[in-house]
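The values are calculated or read from the model by the stated rules, or taken from the named source; none is laboratory data. Predicted, not measured: the structure shown is a model, and the values here were computed from it. Methodologically, a virtual Cβ is constructed for each residue, glycine included, from the backbone with ideal geometry; neighbour enumeration extends over all protein chains shown. Surface accessibility is based on the protein's heavy atoms, side chains included, excluding ligands, DNA and RNA. Shrake-Rupley method; radii C 1.70, N 1.55, O 1.52, S 1.80 Å.
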Amino acid sequence: MGNQLTITPCLWFDGQAEQAARFYVEVFPDSRITTISHYGEAGKEIHGQHPGDVMVVAFELQGNPFVALNGGPLFTFNEAVSFQVPCRSPEELDHYWEALSEGGDPSAQQCGWLKDRFGLSWQVFPEWLPKALEETGSTAAARVTEAMMAMKKLDWQALERARRG
């Protein structure tokens with residue numbers, strides 16, 4: 001099919017859309033803000049925002065489109081949705097974990113999952129981890145799972161040792 005559909009996640013914020021988008025494009029290389037639109041007078045009685053306030057920030061994280069919407073306090077993020085960050089090296093894992101977890105909720109950190117300062121959930125893990133876990137019933141997968149369950153930030157070397165036995 002000629003026209004490929006692009007599915008874009010829309011992240012709902014309460015006045016922090018631009019701040020969040022700027023943070024995310026700073027954390028991920030090859031990322032950028034593409035457009036920023038503002039609320040006008042139209043629909044003010046429904047949306048309740050002030051004319052001139054940021055409404056939508058469109059941005060790309062490594063070529064993936066996102067939209068950040070200042071929709072108000074009605075909805076908040078929860079763990080039912082998260083974004084996966086498969087890392088190619090321990091240094092990359094450290095970078096993303098440290099950057100995304102800064103200012104987030106430490107009690108929400110488990111098995112490579114974290115919540116950032118805006119309450120959005122992320123999974124930061126070695127890119128090889130899903131393959132290592134997919135052999136259900138294998139002793140290597142069991143060792144890796146057991147090691148991972150005891151971690152907050154994933155320890156690349158410890159997981160590799162568990163995989164090798």
Worksheet item: Using alpha carbon coordinates only, what is the Rg to Rh ratio of the chain, with Rh defined as the Kirkwood radius?
Response: 1.06
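Tell me the carbon and sulfur percent of the accessible area for the chain, rounded to whole percent, probe radius 1.4 Å.
Accessible surface attributable to carbon and sulfur in the chain totals 52 percent.
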Worksheet item: What are the GluC sites (Glu not before Pro) within the stretch 59-145 that DSSP puts in a loop, where the Cβ has at most 15 other Cβ atoms within 10 Å?
Response: Glu79, Glu102, Glu127, Glu134, Glu135
Response to the item:
Taking a straight Cα-to-Cα line shorter than 19 Å from Lys152, and setting aside same-chain lysines fewer than 8 residues away, one finds Lys115
Worksheet, complete the sentence: Reported to the nearest 10 Å², Val81 has, with a 1.4 Å probe, an accessible area equal to 90
Worksheet entry | Estimated FRET transfer efficiency when R0 is 35 angstrom, pair Glu91-Ile33 (beta carbons, to 0.05) | 0.85
Worksheet item: Which percentage, to the nearest 5, of the DSSP beta bridges contained in the chain is antiparallel?
Response: 60
Item to complete: Send over a whole-number figure in Å² for the accessible area per residue of the stretch 79-161, probe 1.4 Å.
Response: 53
Worksheet item: Given the options Ala132, Ala141, Ala80, which has the most mean-square fluctuation in a GNM of the chain, springs set between C-alpha atoms less than 10 angstrom apart?
Response: Ala80
Worksheet item: Looking only at Lys152, Lys44, Lys115, which one moves most when the chain is put into a Gaussian network model with springs between Cα atoms under 10 Å?
Response: Lys44
